[in-house]
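Take a look at the structure below.
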Amino acid sequence: MLTFTIRRLTLAVPTLLFISLVIFLLLELAPGDPMAQMPLTIPPEVREQMRVALGLDQPWPVRFWKWCVQFFWIEPQVLIDHIFGTSFSAGDPRVVSWQTRSPVMDTVIQRMPQTLWVVGVAYVVGILIAIPIGIYSAYRQYSIFDQAGTFVTMVGYSVPPFFTGPLVIMIFAVQMGWFPSLYDTTHKVVDWASFKEQLHQMFLPVMVLATQITAQISRFMRAAMLDNLHQDYVRTARAKGLGETMVVMVHVVRNSMIPVVTVIALGVPSIFGGAIITEQVFKVNGIGQLLITAIQANDLPMVQTLTFIFAVLIVLFNLIADVLYGLLDPRIRYD
Amino acid sequence: MTDKAPAAPLNAGALPDPMPTRPPRSQWQDVWRQFRSHKGAMAGLALFVFIVLGVAIGPWIWSASPTDIPPVVDMIKNRDMRPIYTLLWDSGAKTSWAHPLGTDNLARDNLARLMFGGRVSIAVGLTAMALSILLGTLIGVMAGYVKKLDGPLMRLTDLFLALPLLPLILVASLMFREALAATFGPEGGVFILVVALIGITSWMQTARIVRGDVLALKEREFILAAQSIGTSPRNLILRHLLPNVVSPIMVSATLGIAIAIITESSLSFLGFGFPPDFPTWGRLLNDSVDRMTLYPERVIWPGMLISLTVLSVNYLGDGLRDALDPRIRGR
């Protein structure tokens, strides 16, 4: 297993490098001019100097190499400096946003908590709701609960977040007035009251995201349970006199969790992607919102870095899913 | 003296074969019978056909213009009408039978805009699905059939699966907008752009399924037989391989429509899709979100239509999968 993990990790490095090149070349094709937003009164020679200052006068291989060095070599040093108080990275050029002229990673670190709070909580909530639903619908297949559950998950799967978002705002924030419609990102959790306030304002976005997650995962859980419920080992367990709770909750659920856990791992990156829309609806200024504004402002270093972070998440969680699958199911042998 | 026994039937002694009362059924008749027994799928099919016919034929029956803004005086008089059903709880609401679903803030008829938007959304969904299926099948068959191409094409598939697609679609939709708009006009350009982007980013699952099936089929005897009588590779693929992988392709095609419609609406919702004066369901929803407390119907109708279309297509795909593969029935 360890060799497999190491092999996959080493394979992930060229993959990611190649992906970063693909993203870079795609952005390179972009006809947008980062100087387009500057006032027209700027004389051409100053404009040219500004382009040079952004490093736009160099050919793309040089710029790609610079980005790679900055992202893979200097940024980790900055992180180490930040944690241990050393000064490896002093004076080294970092990946700088064209919009704000501040390092991209600083902005990303600022925005990360908002996204993680909303997305992370929604994911956990979604899974916690989905698994019991999946177990029960499979156990009572074709019962009223199963029919209703299947229908509700199908609806949750089909209704896009940009519709459920405004809908829950309309119902719960405007009509009922129970929850705030916007997410206040300046809110700091310092004590119990402010923590409750945070939960309060997170409720709607989390609900929208969790609905989708629940729909997807409970479908999977149900299918996995159905696969296992009719297997011989279940009959054996019943035949030797185990209680029904023991049979279902221990034997069947444990075996059904194997594919579901990998699906959960595989879903993490796509949830970050899906959160782009939810963040836009609830005006959460997280990673997704940062990406949208960066794209609109033609801020190529920011777009490149953020898209690459998404790619890293995808590759990483694919790896985690594979490793988990092997760890949970001893029949799977990769080597 | 001996009365002859009635002439014995030809197969006396053996069990008599029951005479078939119905003509033999083809595979597709069987599939259709199975499909019909899935209530959700039938409801989905009916709803989807209804919505498609509604947006396709509707504009001929309901002839109000979805895009023309009336002259200023009329516009001020007729704008921001509420749907006719608002009268049920608010008798003072500004409504008119001339605009059953009300008008928007520029006095354009909501019903006509919904129909027009639906035409665009469903057209994008169907075309993008077709493109994605075409790409997926092509790459899947090539990878499965040609051994040399298998490795590179599957690495390409893996690469596409590892790319963060939504961000890249957003970036690309801004990048190529101008160029395509210059060639095909603002609406046509965006249509081609959106369809191409969705198609290019959603073929991977189809390709994987098709490749797997082709790899398995290639080892079967009938392919060997076909090869041994000298069938050309082209005919082998078209006549023997493709008909046998058509069922998984059909299932991913139906589910692909749902994905394409959702992606197009998300793009329009984020403001990266069609231009504002060219309504699609996502665009209508996005435009109305700001004033949804005053005019909730302008959010609810497009949202409902997107959701219902996607829901019906998903049920359709579910039923189709059950009908085409009896082993997974009931999941």
Original post:
If we restrict to alpha carbons, what Rg and Dmax does region B:47-90 come to, in Å?
Top reply: 14.5, 40
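Please compute how much accessible surface disappears when A pairs with B, both sides summed, using a 1.4 Å probe, and round it to the nearest 100 Å². If you can, show how the numbers build up before the last one.
On the way: alone 18870 and 18960 Å², together 34320 Å².
Counting both chains, the buried surface is close to 3500 Å².
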**OP:** Return, ordered by residue number, the residues of region A:271-305 whose backbone nitrogen is under 17 Å from a label point located 7 Å along Cα→Cβ of residue A:101.
**Re:** A:299-302
**OP:** Could you tell me what fraction of 2.2 N^0.38 Å the Cα radius of gyration of region A:162-247 comes to, as a two-decimal ratio?
**Re:** 1.77
Subject >> Most to least accessible of A:195, A:162, A:18 (protein chains only, probe 1.4 Å) >> reply: A:18, A:195, A:162
**OP:** Ignoring everything but the protein chains, give the 1.4 Å probe accessible area of residue A:203 in square angstrom, nearest 10.
**Re:** 90
Original post:
With springs only between Cα atoms under 10 Å, which of A:270, A:97, A:218 fluctuates most in a Gaussian network model of chain A?
Top reply: A:270
Original post:
Of the heavy-atom accessible surface of region B:130-182 (probe 1.4 angstrom), what whole percent is carbon and sulfur?
Top reply: 76
**OP:** Give me the accessible area per residue for region B:29-124, probe 1.4 Å, as a whole number in Å².
**Re:** 55
Subject >> Accessible surface of residue B:213 - all protein chains present, 1.4 Å probe, nearest 10 Å² >> reply: 60
Subject >> Distance in nm between pseudo-label sites at residue B:134 and residue A:144 (7 Å out along the Cβ direction from Cα) >> reply: 5.0
Original post:
Roughly how much of residue B:142 is accessible, in Å² to the nearest 10, using a 1.4 Å probe?
Top reply: 80
**OP:** Rounded to the nearest Å, what's the spacing between the alpha carbon centres of region B:59-94 and region B:173-196? Just the number, please.
**Re:** 32
Original post:
Taking the alpha-carbon centroid of each part, what is the distance from region B:219-261 to region A:104-158 in angstrom?
Top reply: 36
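Could you work out [θ]222 nm for chain A from helices alone, using -39500 (n - 2.57) per DSSP H run of at least four and dividing by all its residues? Round to the nearest 500 deg cm²/dmol. Numbers along the way, then the final one.
Numbers: 13 runs with 225 residues, N = 335.
Dividing the helical sum by the residues of chain A leaves -22500 deg cm²/dmol.
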**OP:** Please find the FRET efficiency linking residue B:56 to residue A:175, where r is the Cβ-Cβ separation and R0 is fixed at 30 Å, and quote it to the nearest 0.05.
**Re:** 0.25
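Where in region A:74-161 are there trypsin sites (Lys or Arg not before Pro) that are in a DSSP coil and have at most 16 other Cβ atoms within 10 angstrom of their Cβ?
The qualifying sites are A:101, A:140.
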**OP:** Enter the mean projected area of the convex hull around the alpha-carbon atoms of region A:216-274, in nm², rounded to one decimal.
**Re:** 4.0
**OP:** Given the options A:52, A:303, A:315, state which has the largest fluctuation in a GNM of chain A using a 10 Å cut-off (strictly under) for Cα springs.
**Re:** A:52
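Can you list the equivalent-ellipsoid semi-axes of region B:5-151, largest first and in whole Å, using the square root of 5 times each Cα gyration tensor eigenvalue?
Details: eigenvalues 638, 167, 28 Å².
Semi-axes, largest first: 56, 29, 12 Å.
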**OP:** Would you mind checking the tilt of helix A:104-115 against the longest principal axis of the Cα atoms of chain A, expressed as 0 to 90 degrees and rounded to 10?
**Re:** 30
Subject >> On Cα atoms only, tilt of B:147-162 relative to the major axis of chain B in degrees >> reply: 30
Subject >> Inter-centroid distance (Cα atoms) of region B:108-169 relative to region A:276-317, Å >> reply: 22
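For A:5, A:153, B:21, give me the order by solvent-accessible area with a 1.4 Å probe, most accessible first, ignoring ligands, DNA and RNA. Walk me through the intermediate numbers first.
Details: A:5 35, A:153 15, B:21 135 Å².
Correct descending sequence by accessible area is B:21, A:5, A:153.
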Original post:
Once you treat every alpha carbon in region B:129-217 as an equal point and sum by Debye, what is log10 I(q)/I(0) at q = 0.11, 0.14, 0.19, 0.26 Å⁻¹?
Top reply: -0.37, -0.56, -0.83, -1.15
Original post:
Considering the alpha-carbon set of region B:209-287 alone, what are its Rg and its Dmax in angstrom?
Top reply: 20.8, 62
Original post:
Of the heavy-atom accessible surface of chain A (probe 1.4 angstrom), what whole percent is carbon and sulfur?
Top reply: 68
**OP:** Amide H neighbours of residue B:103 under 5 Å, at least 5 residues apart or on other chains, H built in the peptide plane: list them.
**Re:** B:80, B:81, B:82, B:110
**OP:** Kindly give the semi-axes, whole Å and largest first, of the ellipsoid equivalent to region A:172-213, taking each as the square root of 5 times a Cα gyration tensor eigenvalue.
**Re:** 19, 13, 9
Subject >> Hydrodynamic radius of chain A per Kirkwood, over alpha carbon pairs, in Å >> reply: 23.2
**OP:** Whole number please: convex hull volume per residue, Cα atoms of region A:147-299, in Å³.
**Re:** 170
**OP:** Translational diffusion coefficient, Stokes-Einstein: compute it for region A:1-122 using the Kirkwood radius over C-alpha pairs as Rh, at 25 °C and 0.890 mPa s, and state it as an integer in µm² s⁻¹.
**Re:** 140
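Dividing the alpha-carbon Rg of chain B by 2.2 N^0.38 Å yields what?
Values: Rg = 27.0 Å, N = 331, 2.2 N^0.38 = 20.0 Å.
Relative to the rule-of-thumb radius for its length, chain B sits at 1.36.
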**OP:** Compare A:13, B:52, B:194 by solvent-accessible area with a 1.4 Å probe and give them largest first, with all protein chains kept in place.
**Re:** A:13, B:52, B:194
Original post:
Using Cα-only point scatterers and the Debye equation, what is log10 of I(q)/I(0) for the protein assembly as shown at each q in 0.07 Å⁻¹, rounded to two decimals?
Top reply: -0.56
Subject >> region A:259-303 - Rg and Dmax from Cα coordinates, angstrom >> reply: 13.1, 41
**OP:** Mind giving me the nanometre distance, one decimal, between the label points for residue B:67 and residue B:182, set 7 Å out from Cα along Cα→Cβ?
**Re:** 2.2
Original post:
Given C-alpha coordinates of region A:94-179, what is the ratio Rg to Rh with the Kirkwood estimate of Rh?
Top reply: 1.18
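Using the Kirkwood radius built from alpha carbon pairs, what does the Stokes-Einstein equation give as D for region A:75-129 at 4 °C and 1.567 mPa s, in µm² per second? Don't skip to the answer; put the middle values down first.
Working: Rh = 13.4 Å.
Roughly 97 µm²/s, to the nearest whole number.
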**OP:** Considering the options B:289, B:31, A:312, tell which one lies farthest towards the positive end of the dipole of the protein assembly as shown, charges being +1 on Lys and Arg and -1 on Asp and Glu at the Cβ, about the Cα centre.
**Re:** B:31
Original post:
Among B:279, B:248, B:16, which one shows the biggest mean-square fluctuation in a GNM of chain B, springs joining Cα atoms closer than 10 Å?
Top reply: B:16
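Give a quick list of GluC sites (Glu not before Pro) in region B:199-286 that DSSP marks as loop, anything other than H, G, I, E or B, with at most 11 other Cβ atoms within 10 Å.
Details: sites: B:219, B:221, B:264; in loops: B:219.
Hits after loop and neighbour filter: B:219.
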**OP:** With the Cα gyration tensor of region B:73-127 in hand, convert its eigenvalues to equivalent ellipsoid semi-axes via √(5λ) and list them largest first in whole Å.
**Re:** 26, 14, 7
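Rounded to the nearest 500 deg cm²/dmol, what is the calculated helix-only ellipticity per residue at 222 nm for chain B, with -39500 (n - 2.57) per DSSP H run of length n ≥ 4? Please list the in-between numbers first.
Details: 13 runs with 215 residues, N = 331.
One gets -21500 deg cm²/dmol as the mean residue ellipticity at 222 nm.
Taking 1 over the mean of 1/r across every pair of different Cα atoms in region A:211-313, what Kirkwood radius in Å do you get? Write out the running numbers ahead of the final one.
On the way: mean 1/r = 0.0602 Å⁻¹.
After inverting the pairwise mean of 1/r, the radius is 16.6 Å.
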**OP:** Over the Cα atoms of region B:248-331, compute the convex hull volume and normalise it per residue, giving Å³.
**Re:** 96
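The values are calculated or read from the model by the stated rules, or taken from the named source; none is laboratory data. Quick caveat: nothing in here was measured; it's all calculated off a predicted structure. So basically every Cβ, Gly included, is an ideal-geometry build from the backbone, and we count neighbours across all protein chains shown. Accessible surface areas use protein heavy atoms only, side chains included; no ligands, DNA or RNA. Shrake-Rupley method; radii C 1.70, N 1.55, O 1.52, S 1.80 Å.
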